[in-house]
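Here the structure comes first, spelled out in structure tokens, and everything after it is commentary.
The values are calculated or read from the model by the stated rules, or taken from the named source; none is laboratory data. Since the structure is predicted, the reported quantities are computational estimates derived from the model, not experimental observations. Reconstructed Cβ throughout: ideal geometry from the backbone, glycine too, with neighbour counts over all protein chains shown. Remember, those area values only see protein heavy atoms, side chains included, never the ligands or the DNA or RNA. Shrake-Rupley method; radii C 1.70, N 1.55, O 1.52, S 1.80 Å.
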Amino acid sequence: MTIAQMQYFRAACQYQSLAEASEALHISQPSISVAIRDIEREFNTALFYRINKRLKLTQEGQFFLEKIDSILNEVDALEKQMSAMGKTKGLLRIATCPIAGSEMIPDILRGFKKNNPDI
């Protein structure tokens, strides 16, 4: 099972429709269908009842959703942390006349640094 399969499953649960999930994820509906079918085959259990093009979770599907929600939340947090680590600090250059600069710039820079710690 892959992270993408778990994400597709979660989207299908959220929208209760493969068509709506595929639209939201910007992927084809067959891709979601195949991913869910592969998970169901891997665990030899049905995750959804399919009723009039709507999806309703089975008991096993509800259990699976609860478990993968925590996994996918951890994956999202990790992606954000790794992305933040990869950012380089920026550089800001300010030019001002000496008299105004010595009076105003320290306060302005403190506020700017507080709001923009990466620059």
* Check on residue 67, of a type outside the set (S, T, N, Q), open to solvent by 90 Å² or more (accessible area, probe 1.4 Å) and not in a helix (DSSP H, G or I) -> no
Counting only residues in the stretch 4-43 that are free of Cβ contacts under 8 Å to residues at least 40 places away in the same chain and of a type in the set (Asp, Glu), the one nearest to residue 54 (Cα to Cα) is identified as 20
Within the stretch 16-48, the residues that are surrounded by fewer than 19 Cβ atoms within 10 Å (Cβ to Cβ), touching a Leu at 6+ places or on another chain (Cβ under 8 Å) and at pLDDT below 95 are 16, 17, 29, 33
Scanning the stretch 25-49 residue by residue, those within 22 Å of the chain's Cα centre (by Cα) and not in a helix (DSSP H, G or I) turn out to be 26, 27, 28
query = Would the stretch 50-60 turn up any residue that is modelled with pLDDT of 95 or more and assigned to a helix (DSSP H, G or I)?
reply = yes
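Look at residue 72 and say whether it is hydrophobic (A, V, I, L, M, F, W, C), over 16 Å from the mean Cα position of the chain (by Cα) and within 17 Å of residue 2 (Cα to Cα). So that I can check it myself, show each step before the final result.
Working: hydrophobic (A, V, I, L, M, F, W, C): yes; over 16 Å from the mean Cα position of the chain (by Cα): no; within 17 Å of residue 2 (Cα to Cα): yes.
Considered against the rule, which asks whether it is hydrophobic (A, V, I, L, M, F, W, C), over 16 Å from the mean Cα position of the chain (by Cα) and within 17 Å of residue 2 (Cα to Cα), residue 72 comes out as no.
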Going through the stretch 70-119 in order, the residues found to be at pLDDT below 75, hydroxyl-bearing (Ser, Thr, Tyr) and loosely packed, with under 10 Cβ neighbours inside 10 Å are 88
